[in-house]
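Below is one structure, written out as structure tokens; comments come after it.
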Amino acid sequence: MNVNIIIWVILGVVVVGGAIALIIAGSRVPPEDEDPLSARLAEFSERGDLVSLEEIELSQPLMERVIYPTLRKMGEISARFTPQSQLQDISIKLEMAGNPMRMDAGTFFALRLAITLGLPAFLGLIFLISPSRPPMMQIALIVGGAVIAGYFLPTMFLTSRINRRQKEIRNAMPDALDLLTICVEAGLGFDAAMTKVSEKWENELSLAFARTMREVQLGKTRREALRDMADRIGLAELTSFVAAVIQSEQLGVSMAKVLRIQSEQMRMKRRQRAEEEAHKAPIKMIMPMGLLIFPSILIILLTPAGLIFVRLFGAFM
């Protein structure tokens, strides 16, 4: 294949991938209970400006005016033709990932469809405007690979978000349970202790605690709110903690004692995970050492001997 074509293909993939990453990761989406037009109108009212509704709409970012409404509309259409089981599965994964874009399952399928069709279309346009066109077989392979990559990229991104969020929550749980234990032993109730933890930190676990407490304040029972929190995160350690809290509430066991036991267990598990990662380190180092370090050492050590060898044998020839 021509080198220029390869460069254009790589450039196209980088540009499209970067645009998608910026849309997904860097955009700010208003909360579900916040109306962007109302917020913008309130902002102009506070400043005392007289503006029309059209000016307020045009003052919104392009993401909120065009891209997100288009994706939501496409999501409503795609939800009609998607099996309910797949919609439920993606909805669960979005909740486990924290739903950074506040999208529903239909919008996610629409975004995946847009990437699946947009990436190969962009590459096909590059091939059309290129002065030296490669063979059709190579074009078909590249476009087919772009279709497969566009189909799996959103799912891979979602899985990465889930793993990163669960890892952050797993690492924060021992310290959070210590603070819960201190608050309960100091005389606070369990709900007030969870509220104090959510106010103390700013991480995924504190946000999950804050959402659970809001649900309790809105009328949901503590047991249901805690179970829903465990289902949204999908972490075995948190599920065990929720089960212990619910069981202690049912049996009348001291909450402080249960929290202290759970905190010790979480800290022991975190230490065991650290030891496990330390034992994996030598195995993970074999590949970079064999491919990068050992060849460099051999070049440094054997190059002088090789030069002497060539010089000696060159004298006899």
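Read the figures in this text as sums done on the coordinates, not as results from a lab. Here the structure is a predicted model, which is why all the values come from computation and not from measurement. Here Cβ is always computed from backbone atoms with ideal geometry, including for glycine, and neighbour counts include all displayed protein chains.
Could you calculate the FRET efficiency of Arg72 with Lys196 from 1/(1 + (r/R0)^6), where r is the beta carbon distance between them and R0 is 30 Å, rounded to 0.05? After rounding, the FRET efficiency stands at 0.20. Each residue, Arg311 and Ile283, gets one label point 7 Å from its Cα in the Cβ direction; the gap between the two is 4.7 nm. From least to most packed, judged by other beta carbons within 10 angstrom and beginning with the fewest, Asp228, Asp104 follow the order Asp228, Asp104. Sorting Ser91, Ser254, Ser248 by the number of Cβ atoms found within 10 Å of their own Cβ, with the fewest placed first, yields Ser254, Ser91, Ser248. Tell me the net charge near Glu224. Cut-off is 14 Å between Cβ atoms, Glu224 excluded, with +1 for each Lys or Arg and -1 for each Asp or Glu. That sum, taken over residues with Cβ under 14 Å, equals +2. From the square roots a ≥ b ≥ c of the eigenvalues of the alpha-carbon gyration tensor of the range 168-270, which class results: rounded (a/c under 1.5), prolate (a/b over b/c), or oblate? Taking the square roots of the gyration eigenvalues as a ≥ b ≥ c, the range 168-270 is rounded. Count charges around Phe108 for me, please; just the other residues with Cβ under 13 Å from its Cβ, Lys/Arg as +1, Asp/Glu as -1. Residues close to Phe108 contribute a combined charge of +1.
Among the lysines, select those whose C-alpha is under 22 Å from the C-alpha of Lys73, and discard any that sit fewer than 8 residues away in the same chain. Of all the lysines, those that pass the test against Lys73 - Cα under 22 Å, at least 8 places apart if same chain - are Lys93.
The slack between Leu188 and Arg133, meaning 0.36 nm per residue of separation minus the straight C-alpha distance, is 12.6 nm.
Using Cα positions and a limit of under 18 Å, work out the lysines in reach of Lys269, with same-chain residues fewer than 8 apart set aside. Hits, sequence-local ones excluded: Lys167, Lys280. Give me the distance between the Cα centres of the range 71-86 and the range 204-226, rounded to whole Å. The distance from the Cα centre of the range 71-86 to that of the range 204-226 comes to 29 Å.
What is the percent of Cα-Cα separations in the range 86-125 that go past 12 Å?
Result: 61 percent of Cα pairs exceed 12 Å.
A Cα-only calculation for the range 137-205 places Rg and Dmax at 21.7, 73 Å. Residue-normalised convex hull volume from the C-alpha trace of the range 252-317: 79 Å³ per residue. With 0.36 nm allotted per residue and the present C-alpha distance subtracted, the Leu207-Gln86 stretch has 40.9 nm of extension available. Here each label is just a point 7 Å from Cα along the line to Cβ, and for Ile300 and Asp228 those points are 6.0 nm apart.
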